[in-house]
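Participant: First the structure, then my questions, so here it is.
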Amino acid sequence: MTENPILSGLNKAQIKAVTHTEGPLLVVAGPGTGKTHTIVRRIAYLLDIGVKPHEILAITFTNRAAREMRERTEAFTGQKGIGISIVTFHMFGLNMLRHITGREFTLIGRDEQVEILKDLTGGRVKDGLDALDKISKIKNLFDEKGMENNSIYQRYQAILRDMNALDLDDLILLPVELLTRDEKAWSYGEMFRYIMIDEYQDINPSQYRLIKALSRFTWNICAVGDSDQAIYAFRGADVENFLNFERDFHGAEVVVLDENYRSSGIILEASQNLIKNNTKRIKKDIHAIREIENIPIKLISTYDERAEAEAIVREIENRIGAISHFHIMQAKQSYDYGEGSYRFSDFAILYRTNSQSRKLKEAFVEAGIPFKVIGDTDSRVLKQIEERLKNRLNDISHGSTLESILEEAFSSVEDDELTGLKRNLIFAYRDLPVVEGLSRVIDELSLFTSPDAFDPEADAVHLMTLHMSKGLEFKVVFIAGVEDGIIPYRLSQRDGDDEEERRLFYVGMTRARDELCLCYCENRSDHGKGTGQRPSPFIKEIPEAYIKHMVLSRREKAKKKPRQQRLF
Amino acid sequence: MSFIADLHIHSRFSRATSPDMTPEGIWRWAQLKGIAVIGTGDFTHPGWFKEIADKLEPSENGLLTLKKQYRNQDIPSSCRADVFFMVTGEVSCIYSKDGKTRKVHCILMVPDMQTAARINITLSKIGNLKSDGRPILGLDARELLNITLDASPEALFIPAHAWTPHFSVFGAASGFNSLSECFEDLTPYVFSIETGLSSDPPMNWRLSSLDNITLISNSDAHSPVKIGREANIFETEVSYRGITEAIKTKKGFRNTIEFFPEEGKYHYDGHRNCGICLAPEQTKAYDYICPVCKKRITIGVMHRVQTLADRDNGSRPEGAPDYRSIIPLNEVIAEALKTGQNSKAVMSEYFKIISNLGPEFKILLETPLDDIGRVSHPLISEAIKRVRENKIHISPGYDGEYGRIKIFEEKDIKVNSRQMSLF
C-alpha cells in the first residue's frame, strides 16, 4: 500500500487528528508539537476526501496566525485550497455580516471609541478609557445584565447605531444574535460543514457562543489548543471552555499531540515539571524528538536589573563572538572564535512587564547589538506619524514644503534615532514635488515593522513580553526578572491568578529550542519598591538537576568566571 | 592632476574615537597631511549626518567642502590647500551564512547626501543607527551591497580591511574564502577591496582572483593624527565621478601609500594576552593551538593570504598599480627622538617640520633630505631616508598588537649623537 502523501512524515497522534474528520475533536497541542502543521494537513485531507473548499472554516485569533496558516495551506494544497475560509474571529464576523445584511457600515477603532466614550463620561480621556474597558468586558463576557442595565453601554450603543457603526467586539456579538433568529444567517452558517478553531483555550464567552451557534449546523467541530498555554484571562478568555469541550460536544474524540519538535529534552522536562503543578489542565505527557545536546538551564542571579541586562548582553556576546574591535581590545583574554553559527535573531529576551525593557534596551544600545522591541513605543510613534501624514496628503496648503510638513509631524519626537530618520527622509525626498515626496515618505514609513508584529526577517535580538512571545521560537531564550511578584505577577492589593501566571512562564520557557536562561535580581528599581527581591517560587518547581546556577553579585562583572553554587 | 585621498575614517560618533574627529578637525588634519579628498565617514549616524549636513556644503564636483564660517582653525601656510569631503560610511554586517557566523565590515561611498539618506532610511528599518558611527546590523553583506546599488548606481561598495581576522570578507575567524562566496551574483559590483594595514599589494597579488580588483588603502583613522596613515594617489579630476571611475577601472588610479604590513595589528598570528607571536609556519607547527592558554590561535593576515593564495610570493599581475610604503611622520620622529609617538616633543618637532616644508606626505615622499635636515634633528632626516629605502626593521604585529618599528640600531644613535655635538 502506498502511503498517502498527506499523511507522510506525521506521527501517530497527528495522523489521528488529521483523519478524524466526522464528529467533534479536541486536539491538545502542547508547545512545539506541530500544531499548524497538523491543521494544514487536516485541511488538505478534507479536500482530498472530497470536501469543497467553501465548506471549510478555520478560525484563528490573530491576523498573523491566519496569514501563516493561509500561506502554509496554499503552499501545501496549491490551487485546490482556493476558497477555504482561514480567518480571524473578527474577519469571520465581518464577512458574515456583509454577506447576510448586504449593507455597509463603518468599523470604528479604539481611538474613535475612546473619543465617543470620553464625551459620554464627562470629557476626560482617562474616564473614556475606563468606560471602554467596561464595555468591552460586557461584550466579551456576553454579560447580558450589563447590556441591559449599564446606561453608558446603552448610550454608547445608541450612538453607534446612529452612526451606522460597529466596534470590533460587535463583530462577534452581532453574528451570534443573527444566528439565533435570521434565516439568511442560518444558510450562511450551514455552508461550513467542517470547522476548526485554533487556540481554543483563549476563547472568551462571546466567542464560545459563536462556536456553539455554528455547531447547530454541523457537529464537525475541531478545537485545537493547549490548556497550559491559556494566557488571556485578563481579556476575558476562559480556559474552562477548553476543559469542558468533551462535555459541550458530546462524543468528542481527544487527541494529544505528544511529540515535541522544538526544545531540548531538558527544557521540555523542566517545563513539564513546572506546569504539572496546575490543576486546571488536561494532563499530557510530551517527549522531545530533537536529538541535541542537553544544555542545563542557566539561572543567573545579579545585583540589580542593570547587572541583569549586562549579563544577558554578555551571554549573547559569548555565543556570537566579538562584536567589535573595541570589545576585542578590551577583553582580558584573546577571543576564541569558535565554529558558531549564531545570528542575532536566534536570541530573544522575554519579560513580564513592558517597564522591564528599559534597562535591557540601554544595555543593547551600549553594546551596539542590533535589537527590536516588539510593542515598542518607537514603532507606535512611527505608525501615528504615518497616519498623520496620510491625512496631510489631501490637505497640503500652498507654500508648505516636505521639510515643514515633516518637522510638524515629528514635532513631539525627542528620540535621536527618530529625529535622524526625519532628517534622512527630508534629504531623500525633498527634491521631489511635495505630494510625491510625501507619498514616498509614507511608503517608507509603512515598511517599518508594525508595533505588535514580530518580523522574522529582522535579524536582531528580540525583546518582548511573555504574552507577545506566544507562538514564536528562538534558539536561545532569556527570561528576565524571574522574581516573586513579577513572575507570578502580583499587584500589591490583591493576589494574581497563580495558575495563569504559571502558564505564562511555561509559554516563555517553551519558546526555547537549544538553551534557556532565567535571570533574577536581588534589587530592582524599575518595578515597585524594589529592594530585597526574591527568586520566583516557580524556580523551585523545576528539578534542581536541570539547573546550573550562576551568581553575579555586586560589582562582579559577568565576564569573571562564574561561581557555581547549589540553588537552595 | 595628481592628488591624495583617504576614503575611510571615523567621526567622533564612532566607538573609541577622538573627540577631535569633527568636520573642522578633519579638515585641518587633511591639510597637515597633504590630503585633498577625505571621506566623511559615519554617514549612517544620525548625529554625524546632521553635523555634516550643517557644516559641509555640496560643490559642483559631487564632493563636499567645509562651509567658510567653520574654517577658523590654525593651518600653517605651508600646508594650506583645498580639502574636499566624500560622503562615506562603514557598516558592520554580522549574520549567519552557510552554517557559520559571518562578520564583514563594508565601506560605502555615495555621490551625495540624498543617496546617503536613502540608504539610512533602509538601514533604520533593520537596526539601530545611533549606537555607533559604524553600526552593527544583522544584515547579509550581499544584501547591503544590493541596498547600496538600489540607492544609487553611482554608489560604491568596498569590503573594508579585507584580511583582518575578525571582521572582514576574507577574515580567518568569520570571513569567506572568496568574494563570490560572500556576494554571489552581485560579485561583479565589487570593484575594489581595501587591503588594510596588515597587508600590502604584493601580498594581494598572490591571488589571481583579485587581478581585476582595485586594491585601495585608507587610514580607518579614529583620531586626527592617524589620518592618512594609508591613502591613495589618484591621477584624475578631483570629483566623485573621477575618483570612483578610477577605482572601478584602475585608470587614473596611480598608486597607494601603504603602512609596512608588518606594522599592522594582525600581520602575524598569535595571542596578545599570552605574549605569543608566531609566523604562519610556526602556527601550523603548534597545530593552531596556543602553547600558553591552549585556545585557538588568532590567525593573522599573512597566514590567511598564504592559505588563499594561488601564486608564489613575488609575482605581480600586469597593470597592477604601484605602491609606496611609509611610516607616519610622528612615528618616525618618535623613533629618532626615542620618545612616545604623541609626546609633546614629537608633536612640536612635527609642526616645526611641516610648517617649514609643507604637509606630511610631501615630507615623507618628496622633500629632499637636505631640506629636512636643515629644519630638524639630523636623526630625523636620516630616519626618513631609511624609510624611503626600506632599510628598517619591524617586529610584526599580531592579535591586535601593532608591530614595533626599529629604524635605528643602538649604535646608530650613539654615532649620530656624537656627530650632533660637533655642530
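Participant: With a cut-off of at least 2 residues that are within 14 Å of chain A (Cβ to nearest Cβ) and over 17 Å from the mean Cα position of the chain (by Cα), name the helices (runs of 4 or more DSSP H) lying wholly within the range B:137-224.
Facilitator: Helices (runs of 4 or more DSSP H) meeting the threshold: B:141-151.
Participant: To continue, here is another question. Determine whether the range B:60-78 contains at least one residue that is over 22 Å from the mean Cα position of the chain (by Cα) and within 14 Å of another protein chain (Cβ to nearest Cβ).
Facilitator: Filtering the range B:60-78 down to residues over 22 Å from the mean Cα position of the chain (by Cα) leaves B:60-62, B:66-78.
Checking the rest, the ones that are also within 14 Å of another protein chain (Cβ to nearest Cβ) come to none.
Among the residues of the range B:60-78, not one is over 22 Å from the mean Cα position of the chain (by Cα) and within 14 Å of another protein chain (Cβ to nearest Cβ), which makes the answer no.
Participant: Still on this model: Select from the range A:33-63 the residues that are in a loop (DSSP other than H, G, I, E, B), open to solvent by 40 Å² or more (accessible area, probe 1.4 Å) and not polar (S, T, N, Q) and list them in ascending order. Lay out the reasoning, then the answer.
Facilitator: We begin by selecting, within the range A:33-63, every residue in a loop (DSSP other than H, G, I, E, B); these are A:33-34, A:49-52, A:61-62.
Still in the list and also open to solvent by 40 Å² or more (accessible area, probe 1.4 Å): A:49-50, A:52, A:61-62.
The answer is A:Ile49, A:Gly50, A:Lys52, A:Phe61.
Participant: Right, something else. A:Arg380 fails exactly one of the following numbered conditions: (1) within 30 Å of A:Met464 (Cα to Cα); (2) at pLDDT 85 or above; (3) open to solvent by 50 Å² or more (accessible area, probe 1.4 Å); (4) away from every other protein chain (no Cβ under 14 Å). What is the number of that condition?
Facilitator: Result: A:Arg380 fails condition (2) only.
Participant: Under the condition of being of a type in the set (S, T, N, Q) and assigned by TED's automatic domain parsing to the domain that holds B:Met21, which residue from the range B:222-278 is nearest to B:Asp399 (Cα to Cα)? Explain how you work it out, then say what you get.
Facilitator: Step one: filter the range B:222-278 for residues of a type in the set (S, T, N, Q), giving B:223, B:232, B:236, B:239, B:244, B:249, B:255-256, B:273.
Those still in the list that are assigned by TED's automatic domain parsing to the domain that holds B:Met21 too: B:223, B:232, B:236, B:239, B:244, B:249, B:255-256.
Details: B:Ser223: 21, B:Asn232: 26, B:Thr236: 38, B:Ser239: 38, B:Thr244: 33, B:Thr249: 34, B:Asn255: 28, B:Thr256: 25 Å.
Restricting to residues being of a type in the set (S, T, N, Q) and assigned by TED's automatic domain parsing to the domain that holds B:Met21, the top hit is B:Ser223.
Participant: Right, here's the next one. Quick one: how many residues across the range A:73-108 are free of Cβ contacts under 8 Å to residues at least 24 places away in the same chain and among the small types (Gly, Ala, Ser)?
Facilitator: 3
Participant: Could you list, in sequence order, all residues of the range A:177-196 that are of a type in the set (A, V, I, L, M, F, W, C) and either open to solvent by 30 Å² or more (accessible area, probe 1.4 Å) or at pLDDT 95 or above (or both)?
Facilitator: Scanning the range A:177-196 gives A:Trp186, A:Met191, A:Phe192, A:Ile195, A:Met196.
Participant: Go through (1) buried (at least 21 other Cβ atoms within 10 Å of the Cβ); (2) modelled with pLDDT under 95; (3) more than 26 Å from A:Gly32 (Cα to Cα) for A:Ala237 and report which single condition fails.
Facilitator: Answer for A:Ala237: the failing condition is (3).
Participant: Follow-up question, since we're still on this one. Return yes or no: is A:Lys139 open to solvent by 40 Å² or more (accessible area, probe 1.4 Å) and closer than 24 Å to A:Ala223 by Cα?
Facilitator: On the way: open to solvent by 40 Å² or more (accessible area, probe 1.4 Å): no; closer than 24 Å to A:Ala223 by Cα: yes.
So A:Lys139 does not fit the description; no.
Participant: Okay, moving on. Give the residue, chosen from A:Leu120, A:Leu132, that is open to solvent by less than 60 Å² (accessible area, probe 1.4 Å) and more than 25 Å from A:Ala233 (Cα to Cα).
Facilitator: Of the residues listed, the single one that is open to solvent by less than 60 Å² (accessible area, probe 1.4 Å) and more than 25 Å from A:Ala233 (Cα to Cα) is A:Leu120.
Participant: Could you list all residues from the range A:240-260 that are open to solvent by 10 Å² or more (accessible area, probe 1.4 Å), more than 23 Å from A:Val477 (Cβ to Cβ) and not in a helix (DSSP H, G or I)?
Facilitator: The answer is A:Asn244, A:His250, A:Gly251, A:Ala252, A:Glu253, A:Val254, A:Val256.
Participant: Considering only residues of the range B:257-281 that are charged (D, E, K, R) and farther than 30 Å from B:Phe234 by Cα, which is most open to solvent (accessible area, probe 1.4 Å)?
Facilitator: Initially, the range B:257-281 is screened for residues charged (D, E, K, R), giving B:258, B:262-263, B:265, B:269, B:272, B:281.
Okay, now just the ones that are also farther than 30 Å from B:Phe234 by Cα, so B:269, B:272, B:281.
Details: B:Asp269: 0, B:Arg272: 38, B:Glu281: 106 Å².
Among those residues, the one meeting the criterion is B:Glu281.
Participant: Has the range A:414-421 got any residue that is in a helix (DSSP H, G or I), more than 14 Å from chain B (Cβ to nearest Cβ) and over 30 Å from B:Arg102 (Cβ atoms)?
Facilitator: no
Participant: Hey, could you check the range A:197-234 for residues that are among the basic types (Lys, Arg) and under 24 Å from A:Leu46 (Cα atoms) and say which is most open to solvent (accessible area, probe 1.4 Å)?
Facilitator: A:Arg216
Participant: Next up: Could you check, for the range A:299-312, whether at least one of its residues is more than 30 Å from A:Leu491 (Cβ to Cβ) and either open to solvent by 20 Å² or more (accessible area, probe 1.4 Å) or within 14 Å of chain B (Cβ to nearest Cβ) (or both)?
Facilitator: The answer is no; no qualifying residue exists.
Participant: Restricting the search to the range B:269-309, which residues are more than 11 Å from every other protein chain (Cβ to nearest Cβ) and basic (Lys, Arg)?
Facilitator: B:Lys284, B:Arg304
Participant: Report every pair of residues separated by at least 6 positions or lying on different chains whose Cβ atoms are under 7 Å apart, first residue within the range A:239-250 and of a type in the set (Phe, Trp, Tyr), second part of a helix (DSSP H, G or I).
Facilitator: Qualifying pairs under 7 Å: A:Phe242/A:Tyr200; A:Phe242/A:Gln201; A:Phe242/A:Ser227.
Participant: Would you mention how many residues in the range B:7-17 are open to solvent by 20 Å² or more (accessible area, probe 1.4 Å) and either out of contact with any helix residue (DSSP H, G or I) (no Cβ under 9 Å at 6 or more places or on another chain) or away from chain A (no Cβ under 14 Å) (or both)?
Facilitator: Total meeting the criteria: 2.
Participant: What pairs can you find where one residue is in the range B:391-411 and under 13 Å from B:Glu335 (Cβ atoms), the other is assigned to a helix (DSSP H, G or I) and open to solvent by 30 Å² or more (accessible area, probe 1.4 Å), and their Cβ atoms are less than 7 Å apart, with a gap of 6+ or different chains?
Facilitator: B:Ile392/B:Arg386; B:Ile394/B:Glu262; B:Gly403/B:Glu262; B:Ile407/B:Arg386
Participant: Any idea how many residues of the range A:354-364 are modelled with pLDDT under 90 and within 13 Å of chain B (Cβ to nearest Cβ)?
Facilitator: 0
Participant: OK, next. Quick one: count up the residues across the range B:340-365 that are open to solvent by 50 Å² or more (accessible area, probe 1.4 Å) and either polar (S, T, N, Q) or within 21 Å of the chain's Cα centre (by Cα) (or both).
Facilitator: Count: 6.
Participant: Can you confirm whether the range B:96-116 contains a residue that is in contact with a Leu (Cβ under 7 Å, 6 or more places away or on another chain) and within 13 Å of chain A (Cβ to nearest Cβ)?
Facilitator: no
Participant: While we're looking at this one, here's another question. Which residue, of A:Leu438, A:Leu445, is over 29 Å from A:Arg306 (Cα atoms) and within 14 Å of chain B (Cβ to nearest Cβ)?
Facilitator: The unique qualifying residue is A:Leu445.
Participant: So, one more: Name every residue in the range B:117-130 that is in contact (Cβ under 8 Å) with a residue 40 or more places away in the chain and either open to solvent by 20 Å² or more (accessible area, probe 1.4 Å) or at the interface with chain A (Cβ under 9 Å from one of its Cβ atoms) (or both), in order of residue number.
Facilitator: Within the range B:117-130, B:Ala117, B:Ile119, B:Asn120, B:Leu129, B:Lys130 qualify.
Participant: Inside the range A:294-319, can you point out the residues that are in contact (Cβ under 8 Å) with a residue 60 or more places away in the chain and over 22 Å from A:Ala331 (Cβ atoms)?
Facilitator: If the condition is that a residue be in contact (Cβ under 8 Å) with a residue 60 or more places away in the chain and over 22 Å from A:Ala331 (Cβ atoms), then A:Ile295, A:Pro296, A:Ile297, A:Leu299, A:Ser301, A:Tyr303, A:Asp304, A:Glu305 are the ones that fit.
Participant: Part of a strand (DSSP E or B), in contact (Cβ under 8 Å) with a residue 24 or more places away in the chain, out of contact with any Cys (no Cβ under 6 Å at 6 or more places or on another chain) and open to solvent by 20 Å² or more (accessible area, probe 1.4 Å): which single residue out of B:Ile4, B:Ile38 fits that description?
Facilitator: After applying the criteria, what remains is B:Ile4.
Participant: Can I ask one more? Would you check if there is a residue in the range A:261-270 being open to solvent by less than 70 Å² (accessible area, probe 1.4 Å), in contact with a strand residue (DSSP E or B) (Cβ under 9 Å, 6 or more places away or on another chain) and without any contact (Cβ under 8 Å) to a residue 40 or more places away in the chain?
Facilitator: yes
The values are calculated or read from the model by the stated rules, or taken from the named source; none is laboratory data. This structure is a prediction, so every number in the text was calculated from the model and none was measured. All Cβ positions, glycine included, derive from the backbone under ideal geometry; neighbour counts span all protein chains shown. Heavy atoms of the whole protein, side chains included, go into the accessibility calculation; ligands, DNA and RNA do not. Shrake-Rupley method; radii C 1.70, N 1.55, O 1.52, S 1.80 Å.
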